[in-house]
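Notes to accompany the following structure.
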Amino acid sequence: MQQFSGVAKEELLEEIDRNTSKRRGGPVGEFDFAIEDDNGDLHEFRAESFFNSHYLLTLIVHRKNLAKQRLLP
């Protein structure tokens, strides 16, 4: 929370929505994305989403600091 205070939870939810499929259950998405920390450094994250037929569960893991590389739109 301290290192990525500029990232709104809505941004993360939109990223998850863009990268998951609508299915009845099971794995629904696996994707990488990047966000900028409070120092302006870009970081790569890996996300895996699973739908248990009640809730969408998403695990997000930090992969690496991309050392000031900018993500192209």
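Read-outs throughout are calculated quantities, based only on the coordinates presented, and are distinct from any laboratory measurement. Nothing here was measured: the structure is a model prediction, and the numbers come from that model. With ideal geometry, Cβ positions are generated from the backbone for all residues, glycine too; neighbour counts draw on all protein chains shown.
Is at least one residue of region 43-60 exposed (fewer than 13 other Cβ atoms within 10 Å of the Cβ), touching a strand residue (DSSP E or B) at 6+ places or on another chain (Cβ under 7 Å), assigned to a strand (DSSP E or B) and aliphatic (A, V, I, L, M)? Steps first, answer last, please.
Going residue by residue through region 43-60, those that are exposed (fewer than 13 other Cβ atoms within 10 Å of the Cβ) are 52-55, 57, 59.
Filter once more, so that each one left must be touching a strand residue (DSSP E or B) at 6+ places or on another chain (Cβ under 7 Å): 57, 59.
Filter once more, keeping what is assigned to a strand (DSSP E or B): 57, 59.
Of the ones still in play, those that are also aliphatic (A, V, I, L, M) are 57, 59.
Yes, there is a match, as at least one residue in region 43-60 is exposed (fewer than 13 other Cβ atoms within 10 Å of the Cβ), touching a strand residue (DSSP E or B) at 6+ places or on another chain (Cβ under 7 Å), assigned to a strand (DSSP E or B) and aliphatic (A, V, I, L, M).
From the set of residues in region 19-39 that are among the acidic types (D, E) and part of a strand (DSSP E or B), which is nearest to L66 (Cα to Cα)?
Step one: list which residues in region 19-39 are among the acidic types (D, E), which gives 30, 32, 36-38.
Now restrict to residues that are part of a strand (DSSP E or B): 30, 32, 36.
Numbers: E30: 20, D32: 13, E36: 10 Å.
Restricting to residues being among the acidic types (D, E) and part of a strand (DSSP E or B), the top hit is E36.
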